[in-house]
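Handing you a structure now.
Since every read-out is calculated from the coordinates, none of them should be taken as a lab result. Values in this document were obtained by computation on a predicted structure and should not be read as measured data. Cβ placement follows ideal geometry from the backbone for every residue including glycine, while neighbour counts extend to all protein chains displayed.
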Amino acid sequence: MSLDERNELSNTVMVITGAGRGIGKEIAKLASSVGAQVALLDINVENLTKTVDEINALNGRAKGYTIDLSSEAEINSVIDSIEAEYGRIDCLVNNAMSVGAEDFLKSSLEDWEFQIKVTLTAAFLNIKRVLPGMIARGAGNIINIGSVNAKTMVGSDAYSVAKAGLHALTRAVAVRYGSSGIRCNSVMPGSIATDVWLQRAERNPKVFQDLKPWYPRGRIGTPTDIAEAVVFLASSRSDWMTGTEMIVDGGLTAGLAPMLKIIEASE
Ligand SMILES: NC(=O)c1ccc[n+]([C@@H]2O[C@H](COP(=O)([O-])OP(=O)(O)OC[C@H]3O[C@@H](n4cnc5c(N)ncnc54)[C@H](O)[C@@H]3O)[C@@H](O)[C@H]2O)c1
């Protein structure tokens, strides 16, 4: 039986932030294909509408909510609307982020705070708003999209600090609310080919090719690689997993692949 045939997220109301494009969009499409009702949040109305239309054209059940995740008032009002419309939220996926200056010496305080606000604080606020309902129902599932940047220095300093915070937030929620029926996990992607890389690709059109030697699997990741992990974490197949960092990075953080070749003088 294929995953799709199992329809394993039917009866799941899933909220996904940053779902207008990239990884969030792919999570929405895959979750919908296995039965989830998806409430999609993004600041970009055009992309959001496109994603919702694509999913509904495939007989999915998607609805879009325009939001600026840097606003607590907008978060509270959108989460409240979703709960009122669907009756509950079973699964929250904190996927949106904001990345700015790479080097912290080049970050203004405003830029630093904005990256942390959208990448980390918005997740805190979303979780804070969905938790009371989840606790009252004795069940809830929260998935935070982290990053290898939380673990190892590969640039984008403020963003990396925010991602490290997000991984810590995952553990806090998992441990504090586990006995209330809440699960909370992080997914930790390596480099994934999305539009977020466009600026770097303009500076170096070979950026993905140049990164390949660092990835033991021999390729950069795709949004589907991450969506598969999220759907697994959202399903009951991962029922005993909580507080984890699910590494989906093609082997990047398992070692230092180019260094191995130098040490063994194999190249
Ligand atoms: N692409 C990668 O290489 C990579 C690697 C590791 C982790 N990740 C993580 O995966 C997740 C998705 O990344 P992506 O590459 O798809 O990024 P992306 O930039 O393509 O998508 C992010 C989405 O978030 C939305 N968004 C940004 N600011 C917002 C705001 N203030 N309010 C509402 N929506 C807002 C954007 O409009 C966009 O649709 C992020 O958490 C990112 O940190 C990505």
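Can you give me the relative contact order of the chain as a percent, contacts being Cα pairs under 8 Å and 6 or more apart?
About 17 percent, as a whole number.
What is the fewest-to-most order of 184, 91 by other Cβ atoms lying within 10 Å of their Cβ?
91, 184
Related question: Which of these, 116, 135, 127, has the largest mean-square fluctuation under a Gaussian network model of the chain (Cα springs below 10 Å)?
Checking each option, the largest mean-square fluctuation is seen for 135.
Which of 128, 29, 106 comes first, and how do the rest follow, when ranked by fewest Cβ neighbours within 10 Å?
Ascending Cβ contact count within 10 Å gives the list 106, 128, 29.
Which residue, 108, 156, 180, tops the fluctuation ranking in a GNM of the chain built on C-alpha contacts under 10 Å?
108
Then there is this: Distance check, please: which entries in 151/261; 106/212; 117/212; 50/212; 212/261 exceed 25 angstrom between their Cα atoms?
Correct reply: 106/212; 117/212; 50/212.
Give me 72, 245, 264 sorted ascending by neighbouring Cβ count inside 10 Å, so fewest comes first.
Placing the least packed residue first, the sequence is 264, 72, 245.
Still on this structure, please answer the following. When N counts the residues of the stretch 210-252, how does its alpha-carbon radius of gyration compare numerically with 2.2 N^0.38 Å, as a ratio?
1.36
Just the Cα atoms of the stretch 83-156, one point each, no solvent: what log10 I(q)/I(0) does Debye give at q = 0.13, 0.21, 0.24, 0.26 Å⁻¹?
-0.50, -0.92, -1.08, -1.20
What share of all Cα pairs of the stretch 1-96, in percent, falls into each consecutive 5 Å distance bin?
Per 5 Å bin, starting at 0, the Cα pair percentages come out as 3, 15, 27, 25, 19, 7, 3, 1, 0.
May I ask you to give the average projected area over all directions of the convex hull of the Cα atoms of the chain, in nm² rounded to one decimal?
In nm², the orientation-averaged hull projection of the chain is 15.7.
Right, something else. Rounded to whole Å and sorted largest first, list the principal axis extents of the Cα atoms in the stretch 107-259.
The principal-axis extents, from largest down, are 51, 39, 25 Å.
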